[in-house]
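This report concerns only the one structure given below.
Values quoted throughout were computed directly from the atomic coordinates according to the rules given, and no laboratory measurement underlies them. Just so we're clear, the structure is a prediction, and the values are computed from it rather than from any experiment. Glycine also receives a Cβ, built like all others from the backbone with ideal geometry; neighbour counts cover every protein chain displayed.
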Amino acid sequence: MQEPKICPYPGLRPFTEEESIFFKGRDEHIQQIIAQLEEKKFVMLTGASGDGKSSIVYAGVMPNARAGFFKAKFNNWVIADFRPERSPLKSLSASLAKQLQLDPVHVENELRCGFSALVDLYKSSKYYLDTDSDAYKNAEIKEQKSLKHQLSRICNPRQKQNKFLTSYLGFVIRD
Ligand SMILES: Nc1ncnc2c1ncn2[C@@H]1O[C@H](COP(=O)(O)OP(=O)(O)OP(=O)(O)O)[C@@H](O)[C@H]1O
Ligand SMILES: [Mg+2]
């Protein structure tokens, strides 16, 4: 039987996450972006239209994040992407609310007070596990084990020993 032919170029549109296997020639830039994210937790990509910004984010940076290749204490990333459209804050809030499984109106109200609210929103989501909390410390060993089991699936192999992992929050702003 003949193998189906696959064109490795998506045409005029950007590469998607699923097409990362075909995404070539940007390794150095991907490593630069990751290094900056690790250090500063924030990267802004700018460039002329068609330079490949979207492609490098979706097919380069995001697959690395999902694979746990960032040097970070916790390595399960929640990725909320959005287009600013007519109401950028609303769009951002809707995307974050969906990813963090929170109420979009609440997220928007909190973000209106300032972007530092992002940390509290993250902490109020199911992705945050406070291992210093009394609730966690007083939990039955069985319960802790089950949490550990659940979370170990999102563990970065480099930090496997006995660490309880929650998620870091990353977000990509789509232009
Ligand atoms: N590494 C690559 N190899 C081959 N083609 C690429 C590569 N990166 C991007 N392209 C192609 O270049 C074109 C522009 O890419 P992309 O849409 O990612 O750029 P952009 O900077 O986000 O553009 P815009 O500013 O218009 O949104 C697309 O056709 C995309 O498929
Ligand atoms: Mg783009």
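Among all positions in the range 5-15, there is at least one residue which is within 12 Å of ligand 2 (Cβ to nearest atom) and either surrounded by 14 or more Cβ atoms within 10 Å (Cβ to Cβ) or part of a helix (DSSP H, G or I) (or both). Of the set (1) within 17 Å of the chain's Cα centre (by Cα); (2) assigned to a helix (DSSP H, G or I); (3) more than 16 Å from ligand 2 (Cβ to nearest atom), all apply to GLY60 but (3). From the list LEU92, LEU121, LEU96, the one residue that fits, being assigned to a helix (DSSP H, G or I) and over 30 Å from ILE21 (Cα atoms), is LEU121.
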